[in-house]
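Chemist: Right, I'll just put the structure down here and ask away after.
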Amino acid sequence: MSDRSPSVGLTADFLRADTSSFADFAARVAPNVLPTQRNASAGAGDLAPHGTTIVAATFPGGVCVAGDRRATMGNIIAQRDIEKVYPADEFSIIGIAGAAGIAVEMVGLFQVELEHYEKLEGAPLSLVGKASRLATMIRMNLPLAMQGLLVVPLFAGWDPATQEGRIFSYDATGGRYEEHAFFSVGSGSVFARGSLKKLYRPDLEATEATMAVIQALYDAADDDSATGGPDMTRKIFPVVLLATAEGVHRVNDAQVGELVGEVLSSRMDRPDGPEAPLR
Amino acid sequence: MSIQFYVAPEQQMKDRADFARKGIARGRSVIVLHYADGILFVAENRSQALHKVSEIYDRIGFAAVGRYNEFENLRMAGIRYADLRGYTYDRTDVTGRGLANAYAQLLGTIFSSGGEKPYEVEIIVAELGATPDLDQIYRLTYDGSVADEENFAVMGGSAEAIAQVLGTGFRKELGLAEATKLAVRALSSDNGSDSQARRLDVDALEVAILDRTRALPRKFRRIEGARLAALLTEEIEPEDQGVVPPPTLPHEPAVTETELPPGPPADSNEVDGQQQAPQDPAP
């Protein structure tokens, strides 16, 4: 019906498309460019590098999302400075654990999806609308997930309707769940969540919330071989993004470096991290 | 049975062009011009909902006059084209020239195909280049011809009268406030320079810029309401407030909360004896 190559000009499909979704439109005119429209054979998961731990925590003025920098391929460290946390648009953040290649493509697709909708409709989606759209995209990836190319996102952002930071988690079938206070995904998520349970308080400020997620990532790296700890020699620190009423901002590397320095020096005295009161 | 008369192709094309031109001439005008920090779009538009000027991509803006449903269709096709290209290759591979060419092909095909009526639109694709001298304003007409405009472009009913006023005051190094005022003055004197200029208020104008100084990759932003009023009356350029989220409805819970009616007093078990006591597990 139409030309499959996007390099050709505006075909009739471009004029007649009746959708505000970029993914749906691309599936119609150029399905080969989408990450979800491909076949993988079983065991492809072993070939793909995997991203590991993402942590998010809300605070009164917004939400903070951080990710470690390691991608692994079996027992090999595939990359030590990969970034797995991205701004999805001006008010929301997406972090992805799982098959790195698909994950990065999925983030790109999601970013275009949100921008595309905003431009066509003249207004952005609501935060919950964005979260639902991501659920659909994850559901489309289910066949690949069954072949081992599992992608698990964590979505968070500032909701102008409720005036608070909100966190959403997903499962491989596209199930979407709202999380409260804090959450983590990826291989080190169990340890990170355990750590946050003891560190998190609802009245944290942005800096304290950032400190809490850095501590949690350190604890995850402490016990999970696939999660990378801070690399002091190469100056590779976690990526930390904040979503507030002013939009999404990345905490600058120097400041994250300082916080990481504090974490390390306090762990020189107590390697297991801050002590929580027994009662 | 009707008889098909022979119509010479020249006549046919001329008729179609006249038809399209008439449709365009009915519309209010749009001005696109270079200013010191980028490209400025000013349109006379009394509707707040139906835009004549909009964002296509990071550095590409779109303006149109004519039939709303037709240029809206073109705008959406352009956004789809740009987003698909940017997603397939890279954001930097989406160019105004590519988009203008795609539009030209599309409009040309529609104009010369006998089956459809020609689009009654005229559009502008404007792009911020890497440096100010690479900024481009492409103007496309209903038949698919493309013109690369030098300093400014005017489309719509009284384009010539407006262009005349604009031409006398235009300089490339005009600041945002000066350029906007000049454009508004030009738009309001569309009855010719001799007659009285009309008055155009903030709510009759649609103003947007491709702002080279903007820190974010998406350079397009609208200037509306109080910011536009400030721009037109005072000499101050409004600050970029970044993204201002639109007002949203307050959050309403899906289910309302209730309080349970007070139960029987705590000592009722003893009064009623055995009846209220938990049952023994089955033997």
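The values are calculated or read from the model by the stated rules, or taken from the named source; none is laboratory data. Please read these numbers as outputs of a predicted model, since none were measured by experiment. Note that we place each Cβ from the backbone using ideal geometry, even for glycine, and neighbour counts take in every protein chain shown.
Chemist: Only residues that are within 14 Å of chain B (Cβ to nearest Cβ) and either on the phi > 0 side of the Ramachandran plot or part of a loop (DSSP other than H, G, I, E, B) (or both): list them for the stretch A:63-92, please.
Modeler: A:Ala88, A:Asp89, A:Glu90, A:Phe91
Chemist: Any idea how many residues of the stretch B:179-204 are surrounded by fewer than 22 Cβ atoms within 10 Å (Cβ to Cβ) and under 22 Å from the mean Cα position of the chain (by Cα)?
Modeler: Qualifying residue count for the region: 8.
Chemist: Name every residue in the stretch B:110-129 that is touching a helix residue (DSSP H, G or I) at 6+ places or on another chain (Cβ under 9 Å), closer than 23 Å to B:Phe19 by Cβ and within 13 Å of another protein chain (Cβ to nearest Cβ), in order of residue number.
Modeler: B:Glu116, B:Tyr119, B:Val121, B:Ile123
Chemist: Okay, next question. Please work out which residue is nearest to B:Arg214 (Cα to Cα), limiting yourself to the stretch B:158-169 and to residues that are out of contact with any strand residue (DSSP E or B) (no Cβ under 6 Å at 6 or more places or on another chain) and surrounded by 14 or more Cβ atoms within 10 Å (Cβ to Cβ).
Modeler: Restricting to residues being out of contact with any strand residue (DSSP E or B) (no Cβ under 6 Å at 6 or more places or on another chain) and surrounded by 14 or more Cβ atoms within 10 Å (Cβ to Cβ), the top hit is B:Gly169.
Chemist: Within the stretch B:47-66, identify whether any single residue is aromatic (Phe, Trp, Tyr) and at pLDDT below 90, and answer yes or no.
Modeler: No, the stretch B:47-66 has no match at all.
Chemist: So, of the residues in the stretch B:72-109 that are of a type in the set (A, V, I, L, M, F, W, C) and under 20 Å from A:Tyr117 (Cβ atoms), which turns out to be farthest from the other protein chains (Cβ to nearest Cβ)?
Modeler: The residue in question is B:Val94.
Chemist: Another question about this same structure. So B:Thr256 passes all but one of these: (1) of a type outside the set (Gly, Ala, Ser); (2) modelled with pLDDT under 85; (3) not in a loop (DSSP other than H, G, I, E, B). Which condition number does it fail?
Modeler: Of (1) of a type outside the set (Gly, Ala, Ser); (2) modelled with pLDDT under 85; (3) not in a loop (DSSP other than H, G, I, E, B), only one is false for B:Thr256: (3).
Chemist: Taking A:Ala212 as meeting all but one of (1) closer than 18 Å to A:Arg69 by Cβ; (2) touching a residue at least 60 places away in the same chain (Cβ under 8 Å); (3) part of a helix (DSSP H, G or I); (4) aliphatic (A, V, I, L, M), write down the number of the exception.
Modeler: Of everything listed in (1) closer than 18 Å to A:Arg69 by Cβ; (2) touching a residue at least 60 places away in the same chain (Cβ under 8 Å); (3) part of a helix (DSSP H, G or I); (4) aliphatic (A, V, I, L, M), A:Ala212 misses just condition (1).
Chemist: Is it true that some residue in the stretch A:34-48 is at pLDDT below 90, under 30 Å from A:Ala209 (Cβ atoms) and more than 14 Å from every other protein chain (Cβ to nearest Cβ)?
Modeler: For the stretch A:34-48, residues at pLDDT below 90, under 30 Å from A:Ala209 (Cβ atoms) and more than 14 Å from every other protein chain (Cβ to nearest Cβ): absent.
Chemist: Of all the residues that make up the stretch B:151-192, how many are of a type outside the set (A, V, I, L, M, F, W, C) and outside any helix (DSSP H, G or I)?
Modeler: 12
Chemist: With respect to A:Glu105, determine if the residue is within 16 Å of the chain's Cα centre (by Cα), of a type in the set (D, E, K, R) and assigned to a helix (DSSP H, G or I).
Modeler: Taking the combined requirement at face value, the residue satisfies it.
Chemist: Please go through the stretch B:137-149 and give me each residue that is surrounded by fewer than 19 Cβ atoms within 10 Å (Cβ to Cβ), part of a strand (DSSP E or B) and touching a helix residue (DSSP H, G or I) at 6+ places or on another chain (Cβ under 7 Å), ordered by number.
Modeler: Matches in the stretch B:137-149: B:Val146 only.
Chemist: Here's another thing I want to ask about it. Within the stretch B:79-98, does at least one residue satisfy the condition of being of a type in the set (A, V, I, L, M, F, W, C) and in contact with a Gly (Cβ under 6 Å, 6 or more places away or on another chain)?
Modeler: yes
Chemist: Could you look through the stretch A:246-273, keep only residues that are assigned to a helix (DSSP H, G or I) and of a type in the set (A, V, I, L, M, F, W, C), and pick out the one that is surrounded by the most Cβ atoms within 10 Å (Cβ to Cβ)?
Modeler: Result: A:Val260.
Chemist: Quickly run through the stretch A:160-177 and pick out the residues that are touching a Ser or Thr at 6+ places or on another chain (Cβ under 8 Å) and not in a loop (DSSP other than H, G, I, E, B).
Modeler: Of everything in the stretch A:160-177, those that are touching a Ser or Thr at 6+ places or on another chain (Cβ under 8 Å) and not in a loop (DSSP other than H, G, I, E, B) turn out to be A:Glu164, A:Gly165, A:Arg166, A:Ile167, A:Arg176, A:Tyr177.
Chemist: Exactly one of these conditions fails for B:Ala17: (1) surrounded by fewer than 23 Cβ atoms within 10 Å (Cβ to Cβ); (2) within 14 Å of chain A (Cβ to nearest Cβ); (3) not in a loop (DSSP other than H, G, I, E, B). Give me its number.
Modeler: (2)
Chemist: Determine if the stretch A:4-20 includes at least one residue that is at pLDDT below 70 and on the phi > 0 side of the Ramachandran plot.
Modeler: For the stretch A:4-20, residues at pLDDT below 70 and on the phi > 0 side of the Ramachandran plot: absent.
Chemist: To continue, here is another question. Sort through A:Pro160, A:Pro124 and tell me the only one that's in contact with a helix residue (DSSP H, G or I) (Cβ under 7 Å, 6 or more places away or on another chain) and not hydrophobic (A, V, I, L, M, F, W, C).
Modeler: A:Pro124
Chemist: Just to verify a result, which residue in the stretch B:32-59, among those that are more than 13 Å from the chain's Cα centre (by Cα) and of a type in the set (A, V, I, L, M, F, W, C), is surrounded by the fewest Cβ atoms within 10 Å (Cβ to Cβ)?
Modeler: Within the stretch B:32-59, the match that is surrounded by the fewest Cβ atoms within 10 Å (Cβ to Cβ) is B:Ala36.
Chemist: If we scan the stretch B:11-31, do we find a residue that is at negative phi and touching a helix residue (DSSP H, G or I) at 6+ places or on another chain (Cβ under 6 Å)?
Modeler: There is at least one residue in the stretch B:11-31 that is at negative phi and touching a helix residue (DSSP H, G or I) at 6+ places or on another chain (Cβ under 6 Å).
Chemist: Could you identify the single residue in B:Tyr87, B:Tyr119 that is modelled with pLDDT under 95, hydroxyl-bearing (Ser, Thr, Tyr) and not in a helix (DSSP H, G or I)?
Modeler: B:Tyr119
Chemist: Residues to consider are A:Ala226, A:Ala243, A:Ala221; find the one that is assigned to a helix (DSSP H, G or I), under 19 Å from the mean Cα position of the chain (by Cα) and small (Gly, Ala, Ser).
Modeler: Within the list A:Ala226, A:Ala243, A:Ala221, the selection yields A:Ala221.
Chemist: Would you call A:Gly157 part of a strand (DSSP E or B) and either farther than 30 Å from A:Pro143 by Cα or under 18 Å from the mean Cα position of the chain (by Cα) (or both)?
Modeler: yes
Chemist: Can you tell me which residue in the stretch A:131-164 is farthest from A:Leu204 (Cα to Cα), limited to those that are within 14 Å of chain B (Cβ to nearest Cβ) and of a type outside the set (Val, Ile, Thr)?
Modeler: Among them, the one singled out is A:Met137.
Chemist: Within the stretch B:20-31, how many residues turn out to be part of a helix (DSSP H, G or I) and either loosely packed, with under 13 Cβ neighbours inside 10 Å or β-branched (Val, Ile, Thr) (or both)?
Modeler: Count: 2.
Chemist: Scanning for something more than 14 Å from chain A (Cβ to nearest Cβ) and touching a residue at least 40 places away in the same chain (Cβ under 8 Å), does the stretch B:51-64 turn up at least one residue?
Modeler: yes
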